[in-house]
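Working notes, structure below.
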Amino acid sequence: MSGLKRRDFLRKATVTGLGLPLLSLFRPVVARSRGRFQPDHPVVISSGNGEQAVKKAMELLQGGSDPLDAVIAGVNLVEDDPNDITVGYGGIPNEEGVVQLDASVMHGPTHNAGAVAALENIRNPSKVARLVMERTDHVLLVGEGALKFAKAHGFREENLLTERARKIWLYWKETLNDRDDWLPPPPKEIEGDVRRLVETHGTIHCCAMDSRGDLAGVTTTSGLFFKIPGRVGDSPIIGAGLYVDNAVGAAGSTGRGEANLKNLSSFMVVEYMRRGLSPTEACLEVCKRIAEHTKLPRLLDESGRPRFNVKFYAINKKGEFGAGAIYQEGHFWVYDRQGPRKLPIPGLYKRRMHRK
Ligand code: ASP
């Protein structure tokens, strides 16, 4: 574990509320076979919105599916779900009210990858990303080119903006500032959760290891809410929002994509696992690196900590899994031989003061 002082890391982890008992939560049941640790059961993990995804992926893995087929089928359920406003159909649009989706996939056994960015009118960008991987000599297609490619493969265009997402966008637009000609909506028109949801953001990441020890992952999103049209986040960038090395592990991320683009964070999680850190330690070490690299004053709070959050999810080659965030917040889903469950995401810091 050259270059990284494990003792320092664990001391820090304890100071921040991440003691050893919590770390041991993430140790899997492994079987010893022919002198090497081997997973004796598939493992799937996903972000906090991934309950359906881990269940679907595990069902397929247990039937012998390739891990990439399994995780894509898992996240497709969330891309299709209009109630998840962070992914696919029903995702929150850009500042002009247009839904633009980003996704990437990576397949461990072939070390192959595919991605699409700023894709409009197609609800399952992860399926298109997979076709980029399998049916082209490229890795990333964007915008109009990605749409033409999807249509060439028979995908149907549809309006992805649901009424709920449109209302959230309109509320944001009308309350953005008091110097434009859009007037704030009458309070009675602000239905239920609209005001609260303007503050939310998200993505789904899902990665898996099958019982042969092969890994794959997918990250899919509608990106930051109300983004500038054409903005591409970390999710479709291999190494930033997703990375898989079949000899080491898989990792992916949700949260402020710009931080992952500047740090190639998912690649770094896998590299830390290669050096011997557990998945949880690797995720938290990358959070530490992002915090150290965050230097712009507008991104820092009064105590010099990032004003944003980023979360990581990882599985290593032994079938161990973990997650970590800059700020301890929310949960992630795992499904292994102990069944599906939701676990808290440990943080480098306990709580944050600001949202970004
Ligand atoms: N990572 C996503 C992006 O930057 C957003 C998120 O996960 O909240 O596009």
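Things to note:
- Selection status of Ala208, within 14 Å of the ligand (Cβ to nearest atom) and closer than 30 Å to Pro82 by Cβ: no
- Matching residues in segment 295-321 - criterion: being out of contact with any Cys (no Cβ under 6 Å at 6 or more places or on another chain), away from the ligand (no atom under 15 Å from the Cβ) and not charged (D, E, K, R): Leu296, Pro297, Leu300, Ser303, Gly304, Asn316, Gly319, Phe321
- Condition check for Asn76: under 22 Å from Leu140 (Cα atoms), in contact with a Gly (Cβ under 9 Å, 6 or more places away or on another chain) and surrounded by fewer than 23 Cβ atoms within 10 Å (Cβ to Cβ): yes
- The residues in segment 94-112 that are touching a residue at least 24 places away in the same chain (Cβ under 8 Å) and either within 16 Å of the chain's Cα centre (by Cα) or more than 16 Å from the ligand (Cβ to nearest atom) (or both) can be counted, and the count is 12.
- One residue from Val116, Val78 being within 14 Å of the ligand (Cβ to nearest atom), in a helix (DSSP H, G or I) and touching a helix residue (DSSP H, G or I) at 6+ places or on another chain (Cβ under 9 Å): Val78
- Qualifying residue in segment 28-48 (condition: farther than 23 Å from Val248 by Cα and modelled with pLDDT of 95 or more): yes
- For segment 46-63, the set of residues classified as touching a residue at least 24 places away in the same chain (Cβ under 8 Å) and either in a helix (DSSP H, G or I) or closer than 25 Å to Leu131 by Cβ (or both) consists of Ser46, Ser47, Asn49, Gly50, Glu51, Gln52, Ala53, Val54, Lys55, Ala57, Met58, Leu61, listed by residue number.
- Of all the criteria given as (1) within 26 Å of the chain's Cα centre (by Cα); (2) in a loop (DSSP other than H, G, I, E, B), the one not satisfied by Ala165 is (2).
- Here Ile315, Ile290 are screened, and the one residue that is touching a helix residue (DSSP H, G or I) at 6+ places or on another chain (Cβ under 8 Å) and under 22 Å from Ile72 (Cβ atoms) is Ile315.
- Residue within segment 147-167 that is surrounded by 21 or more Cβ atoms within 10 Å (Cβ to Cβ), within 16 Å of the ligand (Cβ to nearest atom) and over 27 Å from Phe312 (Cα atoms) present: yes
- Among the residues here, Leu224 qualifies as buried (at least 17 other Cβ atoms within 10 Å of the Cβ) and within 16 Å of the ligand (Cβ to nearest atom).
- Count - residues of segment 176-211 that are in a loop (DSSP other than H, G, I, E, B) and at pLDDT 90 or above: 11
- Residue count for segment 227-256, restricted to those that are in contact with a helix residue (DSSP H, G or I) (Cβ under 7 Å, 6 or more places away or on another chain), within 11 Å of the ligand (Cβ to nearest atom) and not in a loop (DSSP other than H, G, I, E, B): 3
The values are calculated or read from the model by the stated rules, or taken from the named source; none is laboratory data. Owing to the predicted nature of the structure, the values given are computational and were not obtained by experimental measurement. Please note: Cβ atoms are built from the backbone with ideal geometry, for glycine as well, and neighbour counts cover all protein chains shown.
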